[in-house]
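A quick write-up on the structure given underneath.
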Amino acid sequence: MHVLHGSIQRIPVMPPVAPIAVPETTEADIEALFLIRGFERLLLDLFSRGVLNGTTHTCLGQEYIPVALSPLFEAPDFIFSNHRGHGHYLARFGDVEGLLLEIMGRAGGVCNGVGGSQHLFRDGFLSTGVLGESVPAAAGMAWSLKRRGGRGIAVAYTGDGGWGEGSVYETLNMASLWGLPLLMVVENNAMAQSSHAERYRAGTIQDRAHAFGIRTLQITGCDLAEIRNLAGPEIAAMRERPRPLVIEFATQRLGPHSKGDDPRSPELVAELWRRDWEAPLRQRHPALCERVTARVSERLEALRATALQQPLSEWTDAS
């Protein structure tokens with residue numbers, strides 16, 4: 001189910017979006033889903049054993065979003081992530097080894113162990129733990145990409161809570177004025193840390209985007225092929241005629257904000273798990289999911305063993 005907002009009264013008239021060929025769901029997609037979920041569970045287990053320090057914010061329940069969108073992105077595109085960004089990174093690179101070593105502060109981490117869970121940098125990818133700040137950074141990159149010409153776009157992943165930051169609205173204004181190829185992906189799980197949306201936000205995210213003349217697409221399902229069929233033509237149109245776009249996913253956060261700060265009732269959390277993407281996927285592809293999860297589990301368990309043997313990064317070793 002989806003809603004595409006583009007009425008003449010609310011935002012500028014856009015040319016029709018032409019259909020394009022989009023990737024179907026593959027075994028690699030299913031493996032990416034289970035790899036992200038398995039990685040997040042591995043992190044929580046390592047934290048519970050006292051192996052990891054600091055904090056982490058898992059994307060359990062939201063893994064399908066970056067996996068669905070990843071094939072729609074191209075080499076020149078730049079991805080800006082946030083504090084809940086492990087899935088964004090893994091969907092882009094599949095690099096569980098470098099990410100775990102980074103979070104552990106060990107040699108071989110993608111940023112030499114100094115970025116940790118929230119601050120990652122790699123070619124075409126940057127994450128920040130500062131709420132909402134991926135959006136203005138992405139706008140700057142979108143401006144640069146437009147000046148260079150070509151098809152590149154900047155992608156900013158945000159949560160719904162990030163739309164309480166003033167810098168987001170300053171950026172929306174400039175992105176619309178300048179026709180920037182800026183895609184804002186909103187993972188709306190209706191929770192900003194420990195507050196439900198009804199307690200912190202008046203109006204809707206779509207209406208806020210429309211106030212700046214920006215086109216929006218709402219997606220409520222979690223089927224990868226359906227998401228690609230809906231989002232693919234919109235993203236392709238951005239490349240042909242640079243302009244900002246907001247894609248809002250109605251999704252759910254299955255875990256706490258961080259590792260233990262969850263005010264929701266056990267009954268509500270159990271209901272969210274019942275709506276999760278994993279059970280329907282296993283029902284449709286039982287043998288494939290069994291094969292893939294076995295392969296993913298073997299990879300992650302091997303990683304657990306080798307990562308614990310890695311020395312601390314020279315940048316983080318205080319001994």
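Placing unit charges on each Cβ (+1 for Lys and Arg, -1 for Asp and Glu) gives region 24-305 a dipole about its Cα centre, and among Leu33, Leu60, Leu126 the Cα reaching farthest toward its positive end belongs to Leu126. Against the longest alpha carbon principal axis of the chain, how many degrees, from 0 to 90 and to the nearest 10, is the axis of helix 224-240 turned? Roughly 50 degrees, rounded to the nearest 10. Computed over region 206-256, the P(r) curve from all C-alpha pair distances, binned at 5 Å from the origin, holds 5, 17, 24, 22, 17, 10, 4, 1 percent per bin. Taking the C-alpha atoms only, the angle from helix 134-148 to the longest principal axis of the chain is near 60 degrees.
From the convex hull of the Cα coordinates of region 45-85, what is the mean projected area in square nanometres?
4.1
With Cα atoms defining each centre, region 25-76 and region 115-134 are spaced 15 Å apart in the structure. Considering only Ile227, Gln252, Thr216, and ranking their Cα positions along the charge dipole of the chain that arises from unit charges at the beta-carbon of Lys, Arg, Asp and Glu, the one farthest toward the positive end is Thr216. With contacts taken as Cα pairs under 8 Å at a separation of at least 6 residues, the chain carries a relative contact order of 25 percent. Taking every DSSP helix (H) stretch of at least 4 residues in the chain, weighting each as -39,500 (n - 2.57) and dividing the sum by the residue count yields a mean residue ellipticity at 222 nm of -13000 deg cm²/dmol.
A cut-off of 5 Å between modelled amide H atoms, ignoring neighbours fewer than 5 places along the same chain, links Ala211 with no other residue.
Figure legend: label point modelled 7 angstrom from the Cα of Arg151 along Cα→Cβ; residues of region 56-87 with amide N under 12 Å from it are 72-77. Note on region 24-305: with charges restricted to the Cβ of Lys and Arg (+1) and Asp and Glu (-1), its dipole about the Cα centre is near 440 debye.
Decide, for region 97-175, between rounded, prolate and oblate: order the square roots of the alpha carbon gyration tensor eigenvalues as a ≥ b ≥ c, take rounded if a/c falls under 1.5, and otherwise choose prolate if a/b is larger than b/c, else oblate. Oblate, since a/c reaches 1.5 and b/c is not below a/b. Need one word for region 24-305: rounded, prolate or oblate. Basis is the Cα gyration tensor (sqrt eigenvalues a ≥ b ≥ c); a/c below 1.5 gives rounded, then a/b vs b/c decides. Since a/c stays below 1.5, the shape of region 24-305 is classed as rounded.
Using the Karplus relation 6.51 cos²θ - 1.76 cosθ + 1.60 with θ = phi - 60°, the per-residue 3J(HN,Hα) values for region 98-113 come to x, 6, 5, 4, 5, 5, 7, x, 10, 4, x, x, 4, 10, 6, x Hz, with x marking Gly and Pro.
All of the numbers you see were taken from the coordinates with simple rules; none came from a lab. None of these values were measured; they are calculated from a predicted model. Positions of Cβ are generated from backbone atoms using ideal geometry, with glycine treated the same way; all protein chains shown enter the neighbour counts.
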